[in-house]
Amino acid sequence: MIRRLVLAAALTLAVPLRAQSVTPGYSPQSATIERATEADVITRPSPAQASAHSRFLSLQPHMAGTPAQARTRDYVVSQMKSWGLETEVRAYKVWMPHPLSARVWRISPDPIELNLQEGPIAEDTTSLTFPQVMPFNGYGAAGDVRGEVVYVNYGLIEDYTQLDSMGVSVKGKIAIARYGRSYRGIKAREAEKHGAVGLIIYSDPADDGYVRGDVYPAGPMRPSHGIQRGSVMNPNGDPSTPGYPSTENAKRIPLSEMEVPRIPVLPMSYGNAAELLRGLSGNSIPQPWQGGLGFRYHVGPGPVQARIAVTTDVNTNPYKEIWDTFGIIRGSEYPDEIVIMGGHRDAWGPGAADNVSGTVSVLEAARAIADQAKAGKRPKRTIVFATWDAEEWGLIGSTEYVEDDSLRLKRSAVGYLNQDDIAQGPNFSGGGSPSLRALLRDIAKKVPDPSHQGSVYDVWRKRANLAADSLEPQMGDPGGGSDFAGFYNHLGIPIADWGFGGPQGVYHSAYDSYHWMSKFGDPNFEYHATAARIGAAMLLRIANADILPYDYVEFARTMRRFASRVDSAIVDKHWKVSGTGLTAAIARMEDAAASFNAARDHALTAQLSKETLRQINSALLEVERQLTRPQGLVTRPWFRNLIYASDENNGYATMVLPSVNEAIRLGDQSGVQRELTDLASRFDAATRVLQRATALMK
Ligand SMILES: [Zn+2]
């Protein structure tokens with residue numbers, strides 16, 4: 001479900017280049033072997049194979065909870081088996097009502113029923129052959145409502161503030177919001193909070209339609225009847241089992257206690273939205289509220305009136321079975337330590353980009369490493385290749401799995417690499433925990449870019465147009481929006497993700513198809529294969545390391561910048577609160593990390609016993625776990641990681657140091673002081689672990 005935002009909005013700053021003569025975490029002998037192993041593994045993923053997987057997996061729409069998902073499950077499992085991986089399927093039963101009907105009428109003036117279907121496109125055989133997923137928003141309520149229409153811009157908190165100041169209320173009305181600037185669950189929450197009886201969310205042509213480029217099938221952007229489906233639930237995981245796994249006999253909370261919308265919410269194309277927006281009158285809009293349709297927008301209310309009617313199987317068949325799949329290569333030396341690469345397997349349509357592309361990257365990385373293992377080169381740590389179900393409904397498959405296996409993951413998961421929407425253009429981006437960023441940059445230097453202009457890193461760097469040689473391209477922070485959340489936000493396991501982007505207007509639509517992919521996204525499937533090459537090399541670099549290759553110097557430096565922003569926010573507010581304790585704790589962590597790196601590089605030139613290595617690595621596994629707290633954020637107990645979280649008022653944007661920054665936003669001075677002290681003590685705990693690991697090498 002991930003939506004990559006424009007890079008200019010990213011928060012990360014560049015970090016200075018460091019001279020790197022060694023492969024961090026490797027002795028000279030192991031580094032020589034590892035270089036050869038990686039050079040071999042990156043030759044193995046194949047564009048032809050990627051194309052074949054993509055064609056099979058995107059043949060038809062495969063929404064979670066449908067028989068089409070059994071087909072993708074069986075394909076992934078049988079492929080992995082045929083390559084010699086051990087496989088496992090975990091089934092969960094989750095509360096996921098499916099729509100039975102979704103209809104919208106303009107009831108005044110000139111009553112008409114709008115045709116919500118996306119419709120076939122002659123040259124796209126997928127759109128001709130299979131019934132499309134109904135135009136609906138997952139977890140929107142069933143209902144039949146009518147009212148005057150009010151245009152609420154993006155439906156953000158500040159948009160409702162603006163409406164208030166204009167004297168316009170959505171109470172008892174039907175709100176119509178455009179997609180963009182926030183996760184759609186936030187739009188549903190705010191519409192409901194302000195009293196709307198129903199919500200329509202439409203794709204404005206200024207967002208991903210003709211304002212941005214030619215529309216499908218002439219170009220890659222959204223055609224006038226294209227629809228963005230998607231979930232409107234805000235928490236992660238099955239809403240009937242908050243915080244625990246949806247196993248067969250799990251206790252379920254009743255619908256009345258679930259955190260899901262209570263109003264019907266439907267997505268709409270701009271072709272249809274124009275039928276409602278064109279006739280609105282009333283207040284003239286603030287200029288930034290004007291979208292890309294060919295008339296002046298007004299907020300209303302009315303005189304246009306609409307009716308929304310949604311029926312679902314909520315009373316007849318609300319629970320559906322979902323399936324996560326696992327392919328396992330047991331480690332030769334540290335079988336109990338695991339590195340995981342995963343991506344979601346479900347989609348709102350044929351899903352060639354979202355997320356057949358990610359699934360294909362996982363498959364091709366698995367094939368590459370399995371082939372090496374068959375030839376006698378097994379990784380030292382266990383590698384797991386996962387595909388998740390029902391991500392699109394709220395990261396459900398990965399969340400239920402993480403809740404199910406949390407003890408084992410906390411003890412033994414070394415890292416999680418996520419693949420979501422990874423091939424829809426030529427532009428590389430990557431991110432994740434700052435402890436794994438140096439590693440991702442280094443691997444990107446080893447993998448050739450499909451453009452033949454050098455390595456992925458070279459092309460990425462060139463495009464970033466950096467002001468100085470000493471700077472690095474920006475990398476993304478883990479906020480929300482994809483399957484890394486369970487691993488990162490809930491358990492504190494270091495994560496990384498990467499992919500290739502480009503102009504795209506078929507997100508969550510019936511036209512996210514093999515045809516779209518072959519014509520626009522990745523015609524030769526080389527970016528699919530390249531993402532898999534990066535994945536395979538990342539996995540091996542982590543799995544084969546003598547000492548786990550986290551970089552806690554870069555981690556601490558990144559935190560230092562966040563802490564200084566906290567400081568200036570406090571100064572701006574003239575509060576009697578001090579951030580110096582946190583800043584000092586982060587500085588201590590940076591010192592400890594620098595000492596650790598130096599001791600590590602030195603120790604690896606000598607011979608360390610296997611037992612010592614085991615102890616060092618098990619200490620390293622604890623560092624980021626120390627920066628989580630069991631009771632989670634005050635606002636959201638499931639979010640235990642105190643470094644990054646999705647912004648609860650946006651859903652897509654990232655909030656850094658969320659325990660502190662949420663308290664700042666609330667204006668809660670004593671809360672801020674409490675959270676600063678708490679966070680500083682957790683940084684000190686992480687520092688102590690690093691010092692323990694350093695002492696083991698002396
Ligand atoms: Zn996705």
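The values are calculated or read from the model by the stated rules, or taken from the named source; none is laboratory data. In this text, all values refer to a predicted model and were calculated from it rather than measured experimentally. Positions of Cβ are generated from backbone atoms using ideal geometry, with glycine treated the same way; all protein chains shown enter the neighbour counts.
Only one of the numbered conditions (1) within 24 Å of Ser78 (Cβ to Cβ); (2) not in a strand (DSSP E or B) is violated by Lys410, and that is (1).
Once the range 301-354 is narrowed to residues that are within 16 Å of the ligand (Cβ to nearest atom) and hydrophobic (A, V, I, L, M, F, W, C), the residue that is farthest from Ile534 (Cα to Cα) is Ile322.
Quick one: is Gly454 away from the ligand (no atom under 16 Å from the Cβ) and surrounded by fewer than 22 Cβ atoms within 10 Å (Cβ to Cβ)? Yes; evaluated as a whole, the condition is true for this residue.
Which residues, taken from the range 457-468, are crowded, with 20+ Cβ neighbours inside 10 Å and either touching a Leu at 6+ places or on another chain (Cβ under 7 Å) or not aliphatic (A, V, I, L, M) (or both)?
Going residue by residue through the range 457-468, those that are crowded, with 20+ Cβ neighbours inside 10 Å are 457, 459-461.
Correct list: Tyr457, Trp460, Arg461.
With the structure loaded, tell me whether Gly486 is buried (at least 24 other Cβ atoms within 10 Å of the Cβ), part of a helix (DSSP H, G or I) and within 16 Å of the ligand (Cβ to nearest atom) or whether it fails that test. Here the answer is yes, as Gly486 does meet what is asked. Look at Thr325 and say whether it is touching a residue at least 24 places away in the same chain (Cβ under 8 Å), assigned to a strand (DSSP E or B) and crowded, with 19+ Cβ neighbours inside 10 Å. Yes. Residues being within 16 Å of the ligand (Cβ to nearest atom) and either at pLDDT below 95 or over 28 Å from Asp522 (Cα atoms) (or both) are entirely absent from the range 63-75.
When Leu633 is tested against (1) assigned to a helix (DSSP H, G or I); (2) without any contact (Cβ under 8 Å) to a residue 40 or more places away in the chain, exactly one condition is not met: (1). Count of the range 164-184 residues, restricted to those that are buried (at least 24 other Cβ atoms within 10 Å of the Cβ) and in a helix (DSSP H, G or I), is 1.
Annotation note: Cβ proximity below 8 Å between a residue of the range 392-404 that is touching a residue at least 12 places away in the same chain (Cβ under 8 Å) and under 9 Å from Gly486 (Cα atoms) and a residue that is of a type in the set (Ser, Thr, Tyr) and within 12 Å of the ligand (Cβ to nearest atom) (sequence gap 6+ or interchain) occurs for Leu395/Ser482.
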